[in-house]
1. Write down the percent of antiparallel bridges among all DSSP beta bridges whose residues are both part of the chain, to the nearest 5.
2. Select from R44, R138, R125 the residue whose mean-square fluctuation is largest in a Gaussian network model of the chain (Cα-Cα springs shorter than 10 Å).
3. Suppose each label sits 7 Å from its Cα in the direction of the beta carbon; what would the R125-A140 distance come out to in nanometres?
4. Cα convex hull of region 70-124: mean projected area in nm², to one decimal?
5. Per the Kirkwood treatment, what hydrodynamic radius in Å, one decimal, follows for region 19-78 from the mean inverse distance over all distinct Cα pairs?
6. Please build a GNM for the chain, connecting alpha carbons under 10 Å apart, and tell me which residue among A65, A137, A88 fluctuates the most.
7. If Rh is defined by the Kirkwood formula over all Cα pairs and Rg also comes from Cα, what ratio Rg/Rh do you get for region 86-156?
8. Measure off, as a whole percent, the carbon and sulfur share of the 1.4 Å-probe accessible area of the chain, all protein chains present.
Amino acid sequence: RVRRRELHRIHRGVYAVGHTGLSPRGRELAAVLSCGATAVLSHRSAAGLWPLPVASYGRIEVTGARTRKPRAGILVHTSRRVEAQDRAVKDAIPVTSVARTLVDLAEVLTEPRLARAVHEAEVRRLFDLRAVEAALARVAGRRGRHRLLRVLAAYR
């Protein structure tokens with residue numbers, strides 16, 4: 001099928017059927033699938049899917065259970081495990097929950113941008129303070145933790 005150009009390789013083990021013209025959501029799903037069965041869309045890419053106001057990073061961000069060979073256009077974050085409470089599916093794409101997405105964003109955003117993301121999650125009725133606090137507790141010791149705690153204190 002590859003030789004007949006019915007299947008087009010997007011990433012190792014991930015193919016498009018018939019053409020390579022994938023939508024942005026199709027590219028995100030392909031990135032997640034290429035990173036293994038437990039991988040999820042995360043960080044800024046997950047924020048864009050929810051949607052929360054975060055500038056695009058340029059590469060698709062995925063969190064997976066183990067380090068895999070780097071793939072073009074994908075930034076792979078490793079985590080021993082993404083708990084069931086921290087996982088969701090949106091538009092058929094495995095993604096971090098809103099709470100876990102906010103915890104992940106605390107690593108990569110400035111405090112004002114993080115506060116804006118929290119505010120937008122609240123406006124869109126996606127924000128759950130207890131869920132964010134629980135997600136933060138599950139990944140104790142993460143970079144950006146204090147930044148998120150300050151934003152949550154201001155939110156309260």
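1. 60
2. R125
3. 3.5
4. About 5.1 nm², averaged over all directions.
5. Roughly 11.6 Å, rounded to one decimal.
6. Largest GNM mean-square fluctuation: A137.
7. My calculation of the ratio gives 0.94.
8. Carbon and sulfur together cover 50 percent of it.
The values are calculated or read from the model by the stated rules, or taken from the named source; none is laboratory data. Values in this document were obtained by computation on a predicted structure and should not be read as measured data. When we count neighbours, we look across all protein chains shown, and the Cβ atoms used for this are built from the backbone with ideal geometry, even at glycine. SASA here: full protein model, heavy atoms, side chains in, ligands and nucleic acids out. Shrake-Rupley method; radii C 1.70, N 1.55, O 1.52, S 1.80 Å.
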